[in-house]
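Below: the structure, in structure tokens.
Read-outs: derived from the displayed coordinates by stated rules, not from any lab. Computed from a predicted structure; not experimentally measured. Virtual Cβ from ideal backbone geometry, glycine too; neighbours counted across all protein chains shown.
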């Protein structure tokens, strides 16, 4: 009798919630929870299915559940299972065959444009200070400002759809994995655009900072005694090359 009571207590524990079919949710609630429509999730499952690790274990998690488990509040899974599912789906979305959903600009300037307040590097360009009017430096700064504005709008849209990208919810992963997660969000966002999935209307996000975080960092690339920072010099050389494109 005591054994039966204990068994019933375990089954009723909140840690052992029954798995509920997410597709039984209303369309509106489904999009609110998963950011994708039901039809888009089915399409996504078909696209990433060849790139997901399949197992023969009867207790294995199906591809559809793996795709949505990260935000599925209606199913209980261990942290290890959640991490594994997220990793498999992220890797699939970063596969070259799937990443074709992302189209990059044809010009190279955006590959080097970043926010000011950071040290100049080959991969991280900054505006030129104290420029004169009608000079290549001024035209470079205007192009820089325009590119940065586009990047900030892109960041804001992605963060509004996928809250995991908000600075208040830092991705606790190595930079390589964090960049893959951002790539995956971009793929999903473009899928949403193609399939007319509306942006979420989360009023609590109004006061969030969706742009590039402004911080003041010392320029660690300054020359020191008998040594010049090679990355800083390479950054300056690239900046001169970019400015030269604005001579005409």
For residue 174 and residue 193 in the same chain, what is the full-extension length gain: residue separation times 0.36 nm, less their Cα-Cα distance, in nm?
4.0 nm
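Tell me, 38, 159 in order of fewest to most beta-carbon neighbours within 10 Å? Numbers along the way, then the final one.
Details: 38 15, 159 21.
Exposure proxy ranking, most exposed first: 38, 159.
Tell me whether region 164-204 comes out rounded, prolate or oblate; compute the Cα gyration tensor, take square roots of the eigenvalues as a ≥ b ≥ c, and use a/c under 1.5 as the rounded threshold. Kindly include the intermediate steps, with their values, before the conclusion.
Working: a/c = 5.58, a/b = 1.39, b/c = 4.00.
Taking the square roots of the gyration eigenvalues as a ≥ b ≥ c, region 164-204 is oblate.
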Suppose R0 equals 30 Å. What FRET efficiency, 1/(1 + (r/R0)^6) with r the Cβ-Cβ distance, do residue 51 and residue 166 give to the nearest 0.05?
0.60
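Full-extension gain between residue 38 and residue 201, please, as 0.36 nm times their residue separation minus the C-alpha to C-alpha distance.
Working: separation 163, 0.36 × 163 = 58.68 nm, distance 1.80 nm.
Extra length available between residue 38 and residue 201 comes to 56.9 nm.
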How would 192, 154, 85 line up from fewest to most surrounding beta-carbon atoms within 10 angstrom?
154, 192, 85
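At 0.36 nm per residue, and after removing the present C-alpha to C-alpha distance, how many nm does the segment from residue 21 to residue 102 gain when stretched out fully? Walk me through the intermediate numbers first.
Details: separation 81, 0.36 × 81 = 29.16 nm, distance 3.05 nm.
Length gained between residue 21 and residue 102: 26.1 nm.
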Can you sort 123, 101 so the residue with the fewest Cβ neighbours within 10 Å comes first?
123, 101
